[in-house]
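The numbers here are math on the coordinates, done by the rules we state, and not lab data. As the structure is a computational prediction, the values presented were derived from the model and not from experiment. No Cβ is skipped: glycine too gets one built from the backbone with ideal geometry, and neighbour counts run over all protein chains shown.
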Ligand SMILES: NC(=O)c1ccc[n+]([C@@H]2O[C@H](COP(=O)([O-])OP(=O)(O)OC[C@H]3O[C@@H](n4cnc5c(N)ncnc54)[C@H](O)[C@@H]3O)[C@@H](O)[C@H]2O)c1
């Protein structure tokens, strides 16, 4: 199989690259390195089944298409993961975020039509906004502020979803959408502003852990290996064509509990720096993964404590 992964140099993309290479696929990674790093692809670059193309997915793809046709490596599967993903990144690159998920998704869908190949679009639990329904099922339409500070991310992902489904309905595309809930693990950037990396780095450096609001807001945390398994099953499944599938860990923790667990694993006393709540910060987030269980036989296997231990090891060594 030939798999083209956009956002290949990022946190999740690079884990996908490694897993598809391990399974014997030919992998083409496309990335403009706006938030990703080539260091994430160090292992992949040792493999002659891997090709890296430095390109922006939001601009015309002629160069990418020409290059692959010249090489004779035509994808059977496109995984569209290119987009800034942490709040720190999409606040810094709001227009680029909107373009990666709108124009970028358009280019990916057109390329999939050109090669007659399958596509999986990486959307997000942010599509549900600050949900009024709990846990979130795929048929819930969400509660999103279309003009708030997070709209560059939420609304562009929702547009990417709408475009993907329009291609399925009007052009017969073999496409599916996943909504990824908070995922963590090795290769997150220490300063990417996500809660797991922030807490681990603060605890390792003996600093107080920053909690916005009173810490009662909940999240569910999925270890990256579990997520990658779910993505691969979803991409391999005929039954997911034209479907939306939540992928995440349904175990729900408050942010205050997460701070406690990180301190306990590191064996350090818990000190907290409470700050005011952030605008549009969702109060509850937990996936209903019934669709993934039914269609893919998938559910996360790695406990929060185990995943955090592995991630802490990574941060200690990097
Ligand atoms: N990590 C999570 O918890 C999470 C949750 C929900 C959804 N997602 C989605 O998964 C995908 C990957 O997220 P991540 O956490 O690995 O983020 P990341 O920032 O580590 O990776 C994103 C990659 O996309 C690349 N990129 C961005 N815009 C691009 C463009 N226009 N052209 C080419 N490359 C571009 C970046 O350089 C980076 O390598 C994103 O689409 C994100 O929205 C992630």
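Find how many whole Å separate the alpha carbon centroid of region 230-247 from the alpha carbon centroid of region 120-154.
That distance is 19 Å.
Could the peptides 270-282, 4-16 be put in order, highest first, of the mean number of other beta-carbon atoms found within 10 Å of their residues?
4-16, 270-282
Enter the Cα centre distance for the pair region 198-221 and region 1-26, rounded to the nearest angstrom.
30 Å
Nearest 5 percent is fine: what portion of the DSSP beta bridges confined to region 122-269 is antiparallel? The partial results should precede the final answer.
Numbers: 3 of 13 bridges.
For region 122-269, the DSSP antiparallel bridge percentage is about 25.
Which values, in whole Å and largest first, are the semi-axes of the equivalent ellipsoid of region 7-106 obtained as the square root of 5 times each eigenvalue of the Cα gyration tensor? It would help to have the intermediate numbers written out before the result.
Values: eigenvalues 100, 56, 21 Å².
Its equivalent ellipsoid spans semi-axes of 22, 17, 10 Å.
Using just the alpha carbons, could you tell me how many Å³ per residue the convex hull of region 119-162 encloses? Walk me through the numbers on the way to the answer.
Numbers: hull volume 3.2 nm³, N = 44.
Each residue corresponds to 73 Å³ of Cα convex hull volume.
Rounded to the nearest whole Å³, what is the per residue volume of the convex hull around the Cα atoms of region 79-157? Walk me through the numbers before you get to the answer.
Working: hull volume 7.6 nm³, N = 79.
So the per-residue hull volume is 96 Å³.
Separation of region 50-94 and region 169-192 by C-alpha centroid, Å?
The distance from the Cα centre of region 50-94 to that of region 169-192 comes to 14 Å.
Pairs of Cα atoms under 8 Å, at least six residues apart: use those to get the relative contact order of region 218-318, whole percent. Could you put the intermediate results ahead of the total?
Numbers: 97 pairs, mean separation 45.1, N = 101.
For region 218-318, the relative contact order is 45 percent.
In nm, to one decimal, how far is the modelled label at residue 273 from the one at residue 110, with both set 7 Å along Cα→Cβ?
Here the answer is 4.6 nm between the modelled labels.
With each run of n ≥ 4 DSSP H residues scored as -39500 (n - 2.57), what mean residue ellipticity at 222 nm is computed for the chain after dividing by its residue count and rounding to the nearest 500 deg cm²/dmol?
-12500 deg cm²/dmol, from helical runs alone.
Between helix 255-266 and the chain, what is the angle of the helix's C-alpha long axis to the longest principal axis, kept within 0 to 90° and rounded to the nearest 10?
80 degrees
Give me the Kirkwood hydrodynamic radius of region 243-313, using the inverse of the mean 1/r over all pairs of distinct Cα atoms, in Å to one decimal.
Over region 243-313, the inverse of the mean reciprocal pair distance is 14.7 Å.
Taking only C-alpha pairs under 8 Å that are 6+ residues apart, what is the relative contact order of the chain in percent?
17 percent
Does region 118-218 classify as rounded, prolate or oblate by the C-alpha gyration tensor (a ≥ b ≥ c root eigenvalues; a/c under 1.5 gives rounded; else a/b over b/c gives prolate, otherwise oblate)?
Details: a/c = 2.71, a/b = 1.85, b/c = 1.46.
Prolate, because a/c is 1.5 or more and a/b exceeds b/c.
Quick check on the exposure proxy: order 247, 163, 41 from fewest to most C-beta atoms within 10 angstrom.
On the way: 247 28, 163 19, 41 22.
Neighbour counts put them in this order, fewest first: 163, 41, 247.
What base-10 log of the normalised intensity I(q)/I(0) is obtained for region 21-164 from the Debye formula, alpha carbons as equal point scatterers, at q = 0.15, 0.21 Å⁻¹?
Listed by q, the Debye log ratios stand at -0.82, -1.31.
Of all alpha-carbon pairs in the chain, indicate the percentage at a distance above 39 angstrom.
Numbers: 4356 of 50403 pairs.
Percent of Cα pairs beyond 39 Å in the chain: 9.
Quick check on the chain: of the DSSP beta bridges with both residues there, what percent are antiparallel, nearest 5%? List each step's numbers first, then the result.
On the way: 3 of 39 bridges.
Roughly 10 percent of the beta bridges in the chain run antiparallel, per DSSP.
Using alpha carbon coordinates only, what is the Rg to Rh ratio of region 197-318, with Rh defined as the Kirkwood radius? Don't skip to the answer; put the middle values down first.
Numbers: Rg = 16.5 Å, Rh = 15.9 Å.
Result for region 197-318 is an Rg/Rh of 1.03.
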